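Shown next, in structure tokens, is the structure this report addresses.
The values are calculated or read from the model by the stated rules, or taken from the named source; none is laboratory data. Everything quoted here is computed from the prediction, not taken from an experiment. Heads up, the Cβs are rebuilt from the backbone with ideal geometry, glycines too, and the neighbour counts pull from every protein chain shown.
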Amino acid sequence: MSTIMEQMPIVFQALNVGFVQTLKLFFVTLLGAFPLGLVIAFGSMSGFRPLRYLTRIFVWIIRGTPLMIQLLIIYYFPGLVLGKTIWGGGEDGRFLAAAVSFIVNYACYFSEIYRGGIQSVPKGQQEAGLVLGMTKSQIFFKVTLLQMIKRIVPPISNEIITLVKDTSLARIIALQEIIWAGQAFLKGSQGISGQIWPLFFTAVYYLVFSGILTLLLGWLERKLDYFK
Amino acid sequence: MKKKVLAAALSLALCFSMVACGSDSGKNEDNQDTTVEQADSAEASEETSSDESDLQYVQDKGTLIVGITDFEPMDYQDENGNWIGFDADMATAFAKSLGVDVEFVEIDWDNKVLELDAKSIDCVWNGMTLTDEVTSSMACSNAYCNNAQVAIVKKDVADQYQTVESLKDLSFAVEAGSAGEAEVNALGYNCTPVKAQADALMEVAAGTSDAAVIDSLMAAAMVGEGTGYEDLTYTASFNSEEYGVGFRKGSDLAEKLNTFFADSYKDGSMKTTAEKYGVQAALVEQ
């Protein structure tokens, strides 16, 4: 039986491969969800009622159901109904389906945070902008946006840290992220079987990564501290 | 005013959710041909899907996607990350005989039927025990390998638990949905379902369960001297069972595979492959 020291290179290699998937999902989700969240936020604040209600109902459905179910539905439902999967059975298809689920899910959470941020900017500033003859989009990008960003950093940080760990849900559609990689050694993989420590060790990866993120987000918060 | 808007929004939301439910159940009824028109459209869609046989579908696509889990000695990776094992090698040979490429995809075992139906995989080929549940939800090939469910206990107490009868007061950990779970439940023994056979072993190793029930092929590879579980051993066997390959329900590929198994058993290539992975003793004559 090999010792833990001998297992380490193989295990870390596998965990690193899994963690790359985790990171990929994490960054792709953020890249997609940040802008999509803004679109949804505008929808939910729209003056056009049907759009506003539709958006809010959508947000309600997405926030009101578990991400795990959304993953299962988004990945399996098209194939079951259309008779042909739109994602493909390979790893790329699984990643794509996971990315879509995560982006939509997180965009809904972000949209509510954005909405709070936008609405917390005093209305007087918008009125002042209108008086000065600015267009609505000018007011948003030149007056509201930066103040909104400053205000939403703490709640968004919270979501970002949650996202780091939520990526592990993607294993339900067999996306081979780090927990999957760690769990493989329980059953047996690459000559190592019945080892629980690789699974437990994945926690260190999450911890280190969220530590780095916490520092980064703290730095961002301080950087934005030059105005009130 | 605000309250009114809120009330309107909420009631609208409620309506939507009801509409959603309503249309769902409506669709189900369609399939049971409630009206002539609906029946026609349902039939039409059925025809289009059965028009093309599963074999045709796979050949058009050019790849046979095989759903597996990492399961030595049936499907596992060599140092270069290629999938090998008795099942993997046979699947590769079968795909070759169909003139298509083979692609192995690791799946969550709980979702195997879902994966097949959603067409994200084309077959389940991973030392799958042919239980009633399996044969009723998939088109299965003939059995190609014998297996048994065996009890796993700690080595130091193994002497007391050599028969199935002697195990009756123990608490068991079994893989949810596995043949082992069915056996233990049939005997009425106290058991906890866990996610995988490996988790069941860990339960025993950690002392949270007294015993586990897993496949004998897996037990031979995973417990005892030279494995990760040196202080565990296997004792009584519960039943004997057989491994088969699962395809989508109604697929013509199962019949195709039976022919392939018969041919490769006759020309000895199946046996050669089995010897390579040490499972020749369990091979079933085709």
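Listing for the model above:
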| item | result |
| --- | --- |
| Selection count, the range B:149-196, where residues are out of contact with any Gly (no Cβ under 9 Å at 6 or more places or on another chain), of a type in the set (S, T, N, Q) and within 15 Å of B:Asn239 (Cβ to Cβ) | 3 |
| Unmet requirement for B:Ile214, which otherwise passes all of (1) away from chain A (no Cβ under 12 Å); (2) among the hydrophobic types (A, V, I, L, M, F, W, C); (3) under 30 Å from B:Leu64 (Cβ atoms); (4) in a strand (DSSP E or B) | (1) |
| Of all residues in the range A:140-181 being within 14 Å of another protein chain (Cβ to nearest Cβ) and more than 24 Å from A:Gly79 (Cβ to Cβ), the one that is surrounded by the fewest Cβ atoms within 10 Å (Cβ to Cβ) | A:Ile179 |
| Residues of the range A:5-51 satisfying the condition of being over 17 Å from the mean Cα position of the chain (by Cα), among the small types (Gly, Ala, Ser) and under 15 Å from A:Ile113 (Cβ atoms) | A:Gly43, A:Ser44 |
| Some residue of the range A:167-174 being in a loop (DSSP other than H, G, I, E, B) and at pLDDT below 90 | yes |
| Checking B:Glu79 against (1) at pLDDT 85 or above; (2) at the interface with chain A (Cβ under 8 Å from one of its Cβ atoms); (3) over 19 Å from A:Gly83 (Cα atoms); (4) out of contact with any Asp or Glu (no Cβ under 9 Å at 6 or more places or on another chain), the condition it does not meet | (1) |
| Selection count where residues are over 19 Å from B:Thr92 (Cα atoms) and away from chain A (no Cβ under 14 Å), scope the range B:217-257 | 8 |
| Which listed residue is within 11 Å of another protein chain (Cβ to nearest Cβ) and among the hydrophobic types (A, V, I, L, M, F, W, C), from A:Ala97, A:Ala107, A:Ala33, A:Ala41 | A:Ala97 |
| Condition check for B:Ser216: among the polar types (S, T, N, Q) and crowded, with 18+ Cβ neighbours inside 10 Å | yes |
| Which listed residue is out of contact with any Asp or Glu (no Cβ under 9 Å at 6 or more places or on another chain) and modelled with pLDDT of 95 or more, from A:Ile152, A:Ile139, A:Ile161 | A:Ile161 |
| Residue that is in a helix (DSSP H, G or I), of a type in the set (Ser, Thr, Tyr) and surrounded by 20 or more Cβ atoms within 10 Å (Cβ to Cβ), where the choices are B:Thr259, B:Thr273, B:Thr233 | B:Thr273 |
| Subset of the range B:216-245 that is of a type in the set (Ser, Thr, Tyr) and within 19 Å of the chain's Cα centre (by Cα) - its residue that is nearest to B:Glu133 (Cα to Cα) | B:Tyr243 |
| Single match in B:Ser178, B:Ser137 (criterion: on the phi < 0 side of the Ramachandran plot and modelled with pLDDT of 90 or more) | B:Ser137 |
| Given (1) of a type outside the set (Phe, Trp, Tyr); (2) farther than 15 Å from A:Gly194 by Cα; (3) outside any helix (DSSP H, G or I), index of the condition B:Glu183 fails | (3) |
| Qualifying residue in the range A:116-137 (condition: touching a Lys or Arg at 6+ places or on another chain (Cβ under 7 Å), under 27 Å from A:Ser46 (Cβ atoms) and crowded, with 21+ Cβ neighbours inside 10 Å) | yes |
| Filter result for A:Leu199 (buried (at least 16 other Cβ atoms within 10 Å of the Cβ) and part of a helix (DSSP H, G or I)) | yes |
| Members of the range A:70-86 found to be without any contact (Cβ under 8 Å) to a residue 24 or more places away in the chain and more than 7 Å from every other protein chain (Cβ to nearest Cβ), listed by number | A:Ile73, A:Phe77, A:Pro78, A:Val81, A:Leu82, A:Ile86 |
| Residue selected from the range B:58-76 under the condition within 22 Å of the chain's Cα centre (by Cα) and more than 9 Å from every other protein chain (Cβ to nearest Cβ), by the criterion farthest from B:Leu253 (Cα to Cα) | B:Pro73 |
| Any hit, the range B:264-281, residues being within 22 Å of the chain's Cα centre (by Cα), within 14 Å of chain A (Cβ to nearest Cβ) and under 27 Å from B:Ala196 (Cα atoms) | yes |
| Scope the range B:102-122; condition more than 8 Å from chain A (Cβ to nearest Cβ) and closer than 13 Å to B:Trp83 by Cβ; matching residues | B:Val102, B:Phe104 |
| Pick from the range B:185-201, criterion free of Cβ contacts under 8 Å to residues at least 24 places away in the same chain and crowded, with 21+ Cβ neighbours inside 10 Å, ranking: farthest from the other protein chains (Cβ to nearest Cβ) | B:Cys191 |
